[in-house]
Amino acid sequence: MPQISTAKTILDTPEDRFPIDISNSIRSVRDLFYAGAKNQWDPRNDIPWDQFEKSKYTEEQLWAARNAWSRRAWLEYGAISESPAIQIRFARECREMDLGLFFTIRSQEEARHAEVCYLMAEACGGYIEAPPLREYEGNVVTHGVRKMALDPDCVLEALIAALVCAAEEVAFDVFKHLSEITTDPIARACSRGITRDEVRHCAFGWYYMAKRAPLLDAAELKQVEEAVAVMIQNVEMNGYHSSWLAQDDTEATRADIEWDRITYDAGLGSTVEEVEKPIFIASVQRIREQMRAWGCELPLFDHPRTGTI
Amino acid sequence: MTEPHTKILVEQRFPVRLGQQVASLEDAYRKEKGAHWNPVADIPWDQLDADSLPQRDREAARLMWSRRLWAAYGYLAETPAVLIRLCLEFGRPISPKFFLTVRNTQEACHIDVLQKMAEAYGGYLPKPASKNYAAILNLDLAQRILDADTPIDAYILAHCAIKIGAEAVLYELYGTAVENDAISTALALIAEDKRRHAAFGWEFVADRLPGWDAADREAASAEIVRVFDEIILSGYLTPFCAAPGLADDERAAERHAASAGLGSAGEAQQRQALTGYLSEVRERLLGMSIEPPEFAAP
């Protein structure tokens, strides 16, 4: 029998969509929607898959890359399974219509990213549907965004700050970094395609929060701070995007880190602790600095591999 | 009294199946990706020439396009809800989920176009004059979709195939007597999107149908009755179907816009088109051993 949640949600009060006010527009967000609609690409047609030189790589390298790209596909799938709940939240709260419009193309882009990661794993020998070692599932299964989006007690701005201005900012830096260090042209094209879309995703969050943050009271800003801190400390610093940040010393995590190293050495689209660490630290520092403009002060974050950030 | 809480399925994420499982749905997704258009660049807005029209035409057109936006707005929550529900249902294939993400972008483009039209004719109107008509439009579909008690296959048949099919018929009809290139292009783009969206709904159900039992067919029938009564024949899609007194202003605006060639159709034509469409739907349902609802011509 499937499990059922009966937690209180925003769906428990009836829809009241009127007035549908478009006067309170965020022009910069609408422009991001137009840019996304204009710059569409298709993972199946716009990556030259037939030029992938599989024979250049060893079985071990291909196995490692299959794991790396499959893992990334699971994360992108999470974005289509969870983040669309934010659109329902926008509509329920009669927020600026630009937000809902932009999020449609964002969800489509997340689907595109899941597809391109899947195709890259397939090119390397076959997509893997679940972590080979099940104990690793916990690190990548969810960032809790759907639950937050449907929770009437969670301030929407806290959710956007945590998901977009923190998690997506980290994701953007990861893909930008991968675009720079990946030597295989097909794997690099996949990373670049994702990076181009992620630029808009991040911009959305900062544009929106620039408008909303001045309107939040102290308690709401505190919620923003806490949600971002949880996302960084409990999700990102637990290996959500980068396996070397996972804090459980299990066989599954050790294997994942090793596969990333082999993929990195092959230039097939992964990174390793010593290369990515300064980038991750800079990401967190930049996020903290940018959020100060909203009146938020993020706490220091501790991790055995990064020290205190 | 405690509020009733929506019962939502708990996701079992793994295995995440991303490979092709249903060829017809994969094909629908591929076509969908290739059909993208841009609401800024792909409509000749400079040919709309709304300012040159008499005031009465402009008033009718602004209300007509605003009303269409009120209905289209529902998709900003409905489509993500269907997508999430499919993700919560264990073992569903990936193509419909991917498809819905593309569909929703196109629905956003429709909303953007409807807004631009309303603004061009004198300004978008944010709500209906009648609270009762507003109540017809507040369907709360996201709640129903995410409620685990709602049979999602039945929902997709009734809403994604039949309801959207009715929209396709209407948008196509609206474009038949329009000479203005901006309006006809906009209506044609929307109608074409809706046709593909509806076709996807039928493909989805065709894949599920072999596994349906009598209870599933009964659930489908019930959901279709609901769509007929609450949406297609309620005035949600077109105000001429609304009960007298409910959407009179909107109905008059459509009538006037039809006579002025501004992107609507006469009521007799709409009645004929909808009746023909619903008769086709009934035949199709009978072929699927689903009891089709009786309906009076709108």
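The values are calculated or read from the model by the stated rules, or taken from the named source; none is laboratory data. In this text, all values refer to a predicted model and were calculated from it rather than measured experimentally. No Cβ is skipped: glycine too gets one built from the backbone with ideal geometry, and neighbour counts run over all protein chains shown.
Determine which single condition A:Thr250 fails, assuming it passes every other condition in (1) buried (at least 18 other Cβ atoms within 10 Å of the Cβ); (2) more than 15 Å from the chain's Cα centre (by Cα); (3) of a type in the set (Ser, Thr, Tyr).
(1)
Condition (residue is buried (at least 21 other Cβ atoms within 10 Å of the Cβ) and of a type in the set (Ser, Thr, Tyr)) applied to the stretch B:55-72: is it met by at least one residue?
Checking the stretch B:55-72: at least one residue is buried (at least 21 other Cβ atoms within 10 Å of the Cβ) and of a type in the set (Ser, Thr, Tyr).
Yes/no per residue for (1) touching a strand residue (DSSP E or B) at 6+ places or on another chain (Cβ under 9 Å); (2) hydroxyl-bearing (Ser, Thr, Tyr); (3) more than 25 Å from B:Ile111 (Cβ to Cβ); (4) surrounded by 19 or more Cβ atoms within 10 Å (Cβ to Cβ):
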residue: B:Thr185; (1), (2), (3), (4): no, yes, no, yes
residue: B:Lys194; (1), (2), (3), (4): no, no, no, yes
residue: B:Val205; (1), (2), (3), (4): no, no, yes, yes
residue: B:Arg217; (1), (2), (3), (4): no, no, yes, no
residue: B:Ser259; (1), (2), (3), (4): no, yes, yes, no
residue: B:Val281; (1), (2), (3), (4): no, no, yes, yes
residue: B:Arg284; (1), (2), (3), (4): no, no, yes, no
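Identify all residues within the stretch A:1-11 that are facing chain B (nearest Cβ under 7 Å) and without any contact (Cβ under 8 Å) to a residue 60 or more places away in the chain; write none if there are none.
Matches in the stretch A:1-11: A:Pro2, A:Gln3, A:Ile4, A:Ser5, A:Thr6.
Got a sec? Which helices (runs of 4 or more DSSP H) wholly within the stretch B:1-115 have at least 1 residues that are within 21 Å of B:Leu189 (Cβ to Cβ), facing chain A (nearest Cβ under 10 Å) and more than 18 Å from the chain's Cα centre (by Cα)?
Fully inside the stretch B:1-115 and qualifying: B:23-34.
Is the stretch B:143-160 home to any residue that is within 7 Å of chain A (Cβ to nearest Cβ), in a loop (DSSP other than H, G, I, E, B) and among the hydrophobic types (A, V, I, L, M, F, W, C)?
Yes, the stretch B:143-160 contains at least one residue that is within 7 Å of chain A (Cβ to nearest Cβ), in a loop (DSSP other than H, G, I, E, B) and among the hydrophobic types (A, V, I, L, M, F, W, C).
Restricting attention to the stretch B:213-232, report how many residues are over 19 Å from B:Ala71 (Cα atoms) and touching a Lys or Arg at 6+ places or on another chain (Cβ under 9 Å).
Matching residues across the stretch B:213-232 total 1.
Does the stretch A:26-68 hold any residues that are of a type in the set (S, T, N, Q), within 28 Å of the chain's Cα centre (by Cα) and exposed (fewer than 14 other Cβ atoms within 10 Å of the Cβ), and which are they?
A:Asn39, A:Asn45
Restricted to the stretch B:94-151, and to residues that are in contact with a strand residue (DSSP E or B) (Cβ under 8 Å, 6 or more places away or on another chain) and surrounded by fewer than 24 Cβ atoms within 10 Å (Cβ to Cβ), which residue is farthest from B:Glu59 (Cα to Cα)?
Looking at the filtered set, the residue picked out is B:Ala148.
Looking at the stretch A:246-258, is at least one residue closer than 30 Å to A:Tyr57 by Cα, hydroxyl-bearing (Ser, Thr, Tyr) and in contact (Cβ under 8 Å) with a residue 60 or more places away in the chain?
Yes.
Mind checking whether some residue in the stretch B:168-182 is under 30 Å from A:Ser25 (Cβ atoms), assigned to a loop (DSSP other than H, G, I, E, B) and in contact with a Phe, Trp or Tyr (Cβ under 8 Å, 6 or more places away or on another chain)? Write out each step before concluding.
Going through the stretch B:168-182, the residues under 30 Å from A:Ser25 (Cβ atoms) turn out to be B:168, B:170-171, B:174-175, B:178, B:180-182.
In the following step, the residues that additionally are assigned to a loop (DSSP other than H, G, I, E, B) were identified as B:175, B:178, B:180.
Now narrow it down to the ones that are in contact with a Phe, Trp or Tyr (Cβ under 8 Å, 6 or more places away or on another chain): none.
No, the stretch B:168-182 contains no residue that is under 30 Å from A:Ser25 (Cβ atoms), assigned to a loop (DSSP other than H, G, I, E, B) and in contact with a Phe, Trp or Tyr (Cβ under 8 Å, 6 or more places away or on another chain).
Those residues that are assigned to a helix (DSSP H, G or I) and within 18 Å of the chain's Cα centre (by Cα), I need them from the stretch A:266-276; list them, please.
A:Glu276
Among A:Ala229, A:Ala171, A:Ala187, A:Ala210, which is the only one that is modelled with pLDDT under 95 and hydrophobic (A, V, I, L, M, F, W, C)?
A:Ala171
Which of the residues belonging to the stretch A:287-298 are surrounded by 13 or more Cβ atoms within 10 Å (Cβ to Cβ) and on the phi < 0 side of the Ramachandran plot?
Listed by number, the residues that qualify are A:Ile287, A:Arg288, A:Gln290, A:Met291, A:Trp294, A:Cys296, A:Leu298.
If we scan the stretch B:80-88, do we find a residue that is out of contact with any helix residue (DSSP H, G or I) (no Cβ under 7 Å at 6 or more places or on another chain) and touching a residue at least 60 places away in the same chain (Cβ under 8 Å)?
yes
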